[in-house]
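**Student:** Attaching a single structure in structure tokens format; questions to follow.
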Amino acid sequence: MNNYNVVIAGAGQAGVQTAISLHQAGYTGSIALLSAEDTEPYERPPLSKSYLAGDDDLNAILFRTPGYWDESPVTLRTAARVVAVDAEAHTVTTSQGEAIGYGYLVWAAGGVARTLPVPGHDLRGVLSIRDLQDANELRSILGTAQRAVIIGGGYVGLEAAAAFRGRGIATTIIEAQDRLLARTTSPVISDFFAQVHRANGVDIILNGGVSEILGNHGHVTAVRLADRTQLEADLVIVGIGLVPNVDPIAGATSTTASSSTPTAEPIFPASSPSAMSPATRTSTPTGSRSGSSRCRTRSSRPSWSRTTSAERRGPTKWCRGSGPTSTTHASRQSASSPATTSSSCEGTLRSLASPWCTSEQARSSPSTA
Ligand SMILES: Cc1cc2nc3c(=O)[nH]c(=O)nc-3n(C[C@H](O)[C@H](O)[C@H](O)COP(=O)(O)OP(=O)(O)OC[C@H]3O[C@@H](n4cnc5c(N)ncnc54)[C@H](O)[C@@H]3O)c2cc1C
């Protein structure tokens with residue numbers, strides 16, 4: 001059985017950044033990054049933007065350059081979904097049937113797109129945009145789609161609407177609440193985006209409830225609303241949030257609370273003056289669970305960790321939100337690359353049909369000058 005000091009389940013933004021940050025902070029223990037997907041780790045924001053539009057290929061949206069992980073001290077396992085966690089034995093089991101031991105388990109498995117619990121939700125042509133496979137499927141049918149209904153007026157829904165209108169596809173957004181982006185932004189911003197999208201030819205139905213998705217020969221043909229309105233569609237996007245991927249650890253916690261559970265040593269002991277310098281676990285596989293060594297300091301950061309995606313591609317950042325609490329997508333951040341200010345993003349928000357923007361766009365936007 002392979003053992004690692006740290007096993008990270010999930011190679012999305014959280015999992016990849018955890019591995020990178022551990023090394024950048026000087027951690028020298030062994031790390032395994034287990035990915036359910038069969039590609040090298042990639043960024044999700046472009047899936048509804050440049051990748052969906054066909055402007056980027058997969059290599060352009062990888063967190064690291066192709067093949068990078070082969071040289072990394074982090075062991076990346078693709079197509080290795082964690083299906084079970086035994087917290088008492090400190091092991092995970094992957095979908096390939098392999099048991100892997102860990103000292104620490106980092107659960108960074110994100111979530112899956114929430115499905116709509118109505119008849120017809122599983123018809124062909126009813127898609128979510130959550131991962132590369134979804135985006136590839138959507139790309140493959142965009143050329144022939146004529147009428148799209150987007151269920152959910154959140155970020156993903158608005159992104160999709162902008163992309164569809166760019167291709168001349170008749171597009172309707174159905175939002176259950178009384179405004180777009182209701183969970184994430186203010187009424188003023190909601191109204192702004194509603195106006196922009198309507199001006200761009202998008203029909204927006206607020207306070208709309210979907211009762212059924214209709215199909216013919218297994219393919220979607222229409223969406224029926226609670227008030228019996230029927231909207232023809234050959235493409236339906238469901239963008240109504242996600243459900244956390246927690247089943248394997250939910251099972252683990254219910255069966256493993258035990259006083260004999262082995263505990264891993266602190267990665268950076270709390271007693272140390274700095275997380276950068278104290279002793280930490282060794283690269284000894286966790287099977288032995290013993291020994292420690294000196295952490296590397298930031299100045300001796302390993303060469304493989306010097307090229308974060310932000311450093312590789314410059315200060316591009318995905319921005320979200322419009323107020324003082326705006327966030328910048330962490331995938332484009334690094335210690336050496338400070339985040340885009342929310343104000344520059346806000347300016348760009350005012351000038352785009354799409355609710356997300358990049359700092360390059362922010363800089364080139366007249367409204368931010
Ligand atoms: C289309 C789209 C556009 C977005 N645009 C923006 C944007 O512009 N700005 C912004 O701030 N945010 C954006 N987001 C949100 C952002 O992508 C997420 O916040 C981010 O991906 C969350 O990262 P994560 O690592 O927590 O989870 P995820 O990205 O979901 O990664 C989790 C990974 O774990 C894998 N996994 C799941 N279960 C297991 C298991 N049992 N074992 C092993 N691996 C597992 C999954 O396959 C996945 O690869 C967007 C999201 C989407 C879907």
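**Student:** Does Ala87 count as within 12 Å of the ligand (Cβ to nearest atom), of a type in the set (A, V, I, L, M) and farther than 30 Å from Leu158 by Cβ?
**Tutor:** Taking the combined requirement at face value, the residue does not satisfy it.
**Student:** Give the number of residues within segment 134-163 that are assigned to a helix (DSSP H, G or I) and either in contact (Cβ under 8 Å) with a residue 24 or more places away in the chain or in contact with a Pro (Cβ under 9 Å, 6 or more places away or on another chain) (or both). Walk me through how you get there before you give the answer.
**Tutor:** Here is the first cut: in segment 134-163, the ones assigned to a helix (DSSP H, G or I) are 134-142, 155-163.
When the remaining residues are screened for being either in contact (Cβ under 8 Å) with a residue 24 or more places away in the chain or in contact with a Pro (Cβ under 9 Å, 6 or more places away or on another chain) (or both), the result is 134-135, 138-139, 141-142, 155-163.
Number of matching residues: 15.
**Student:** Let me ask you something else. If you check Ala80 against the conditions, is it in a loop (DSSP other than H, G, I, E, B), within 14 Å of the ligand (Cβ to nearest atom) and small (Gly, Ala, Ser)?
**Tutor:** For Ala80, the condition - in a loop (DSSP other than H, G, I, E, B), within 14 Å of the ligand (Cβ to nearest atom) and small (Gly, Ala, Ser) - is met.
**Student:** Continuing with this model, one more query. Considering every residue within segment 170-185, establish whether at least one is in the same structural domain as Leu235 (by TED's automatic domain parsing), in a helix (DSSP H, G or I) and at pLDDT 95 or above. Even if it seems obvious, please write down each step before you answer.
**Tutor:** Step one: filter segment 170-185 for residues in the same structural domain as Leu235 (by TED's automatic domain parsing), giving 170-185.
Narrowing the set further to residues that are in a helix (DSSP H, G or I) leaves none.
No, that holds for no residue.
**Student:** Hey, can you tell me all the residues within segment 13-62 that are within 10 Å of the ligand (Cβ to nearest atom), part of a helix (DSSP H, G or I) and among the small types (Gly, Ala, Ser)?
**Tutor:** Ala14, Gly15, Ser48
**Student:** Give the number of residues within segment 113-132 that are free of Cβ contacts under 8 Å to residues at least 60 places away in the same chain and either of a type outside the set (D, E, K, R) or within 15 Å of the ligand (Cβ to nearest atom) (or both). I'd like the intermediate steps shown before the answer.
**Tutor:** Within segment 113-132, the subset free of Cβ contacts under 8 Å to residues at least 60 places away in the same chain is 117, 122.
Cutting the leftovers down to either of a type outside the set (D, E, K, R) or within 15 Å of the ligand (Cβ to nearest atom) (or both) gives us 117.
Total meeting the criteria: 1.
**Student:** Then there's this: Pairs only if they're at least six apart or on different chains, beta carbon under 8 angstrom, first in segment 66-78 and at pLDDT 95 or above, second surrounded by fewer than 17 Cβ atoms within 10 Å (Cβ to Cβ) and among the charged types (D, E, K, R); list them, first residue then second.
**Tutor:** Every condition considered, the pairs that remain are Thr78/Asp38.
**Student:** Could you list, in sequence order, the residues of segment 1-12 that are within 6 Å of the ligand (Cβ to nearest atom) and among the aliphatic types (A, V, I, L, M)?
**Tutor:** Listed by number, the residues that qualify are Ala9, Ala11.
**Student:** Given Gly97, Gly110, which one is on the phi > 0 side of the Ramachandran plot and within 13 Å of the ligand (Cβ to nearest atom)?
**Tutor:** Of the residues listed, the single one that is on the phi > 0 side of the Ramachandran plot and within 13 Å of the ligand (Cβ to nearest atom) is Gly110.
The values are calculated or read from the model by the stated rules, or taken from the named source; none is laboratory data. Given the structure is predicted, the values throughout are model-derived calculations rather than measurements. Backbone-built Cβ (ideal geometry, glycine too); neighbour counts: all protein chains shown.
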